[in-house]
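Single-structure report; data block below.
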Amino acid sequence: MTKPQDVQRMGQGSKTLGAALLAALLLGASGGAVTFPAPAMAQNLFAPRLYVNDQVITEYEVVQRALFLQLLNAPGDPETEAVKSLIDDRLRMTEAKRLGVKLTPEELANGMEEFASRASLTAEQLVAELQKVGIAPETYRDFVHAGAIWRKIVRDRYTGRVPVSEADVDKFLDSATRPRALKVLVSELVIPAEPGKEEAALALAKRLSQEITTEGGFAAAARQHSAAPTAPSGGRIPDWLPLSNLPPAISSQLLALGDGDVSAPVVVPGAVVLFQLRGIAKDERAAPVSVSVEWADLVIANDPAELARIRAGADTCNDLYALARGLPPEQLTIRSQNVAELSPEVGLELAKLDINEFAVLPRGDAIRLIMLCKRQPVTEAEPNRERIKEQILNQKLDGMAENYLEELRHAALIREP
């Protein structure tokens, strides 16, 4: 069996992707270079690792997919997530064969170009960059192929069954483009997802999302399961939050809810989060169409005295430089970002803060302090209605696609050699 260290050694030399690829593909990365140690080929890479029904997954495929996921900074253990990803791809491709669904060469090429364009590269350029770190062209092609053919299957299956009305578009645009944005009143339920327990946390979140139908039920579940500071109060966030302050991963979920509805699970680093919408209204402060934030991220030892010192001495973000003197430079970063670029975890915390306020997040044996330095408007053109309709449709299809795939998992025979 391939070990995690074998996965990490598959890169060729200490090369990194180009600046454009780092900026667009290394999700959540802070801008540092991603390097791979010298190669050390694992034994029996082409031996079967798993059988999914009658389809084989080889050790080589696991190593390649793990390296690819590691490059994308995907959460979780690279090898474990690679196995899950490849199992799902086998199920998708088997279902495509059963249904007679195929991609044309043009559709596959377009899919590869679209993915590469996120890094401002052509597919050919991206393949060349991936090869520099030991990722074969076939690994990239197969990854795109399985995803593209699955989207085609899902669209064929659910076309006409997932309506997107003009009212849905109006509701979205009301929060995204009109002078007066919306504000929401929500409750949160943060389920810890420790390493190795991510699936259990997600399963619990899915179950609660489907079972909870009342505010009382959500409050009881939050008191029992939530790790957020709001747990004792049933997960209630007391203040109205401007929807434009929230990351799209959260705001898009909330827009689709009615009063009292519970969102689908939102996965953030180390946790899975559920939200219950308690109210939605016009924001009388006329929040801007789009918001950028300047924020500080400081990691310190888990020491109450040190935390108290930082809190007492930091009236502004600039004060943190003096307070962090002597710490490694990477422990304090101050950056400016559009809210759409923030992770859901950071974005939600910043949305709760006023200028120069702190939020404290756990980070293993350390403490992560998030401080809001500045929040300001960004002017953008009004989105195209058809594009918005497509976005809403995709959000609705995502949930149906996951349920569809879960059915295939339950029906599949997955075994080791």
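Residue separation times 0.36 nm, minus the C-alpha to C-alpha distance between GLN131 and VAL101: what's the value?
Residue separation times 0.36 nm, minus the Cα-Cα distance, leaves 7.8 nm.
Please order TRP240, TRP150 by the number of other Cβ within 10 Å, starting at the fewest.
TRP240, TRP150
Tell me, in nm to one decimal, what length is gained between ASN318 and ALA203 on full extension, where the rule is 0.36 nm per residue of separation less the Cα-Cα distance?
Once the chain is fully extended between ASN318 and ALA203, it gains 37.2 nm.
Would you order ILE250, ILE191 from fewest to most other beta-carbon atoms within 10 Å of each residue's own beta-carbon?
ILE191, ILE250
Want the number for ASP261 to THR333: 0.36 nm per residue separation, take away the alpha-carbon distance, what's left?
22.2 nm
What is the spin-label model distance, in nm, from GLU306 to GLU402 if the labels are put 7 Å beyond Cα along the C-beta direction?
Between GLU306 and GLU402, the label points sit 3.6 nm apart.
Fewest first, what order do VAL190, VAL133 take by the number of other Cβ atoms within 10 Å?
Taking fewest neighbouring Cβ atoms as first place, the list is VAL133, VAL190.
Read-outs: derived from the displayed coordinates by stated rules, not from any lab. All values reported here derive from a predicted model rather than from experimental measurement. Cβ: placed from backbone, ideal geometry, glycine included. Neighbour counts: every protein chain shown.
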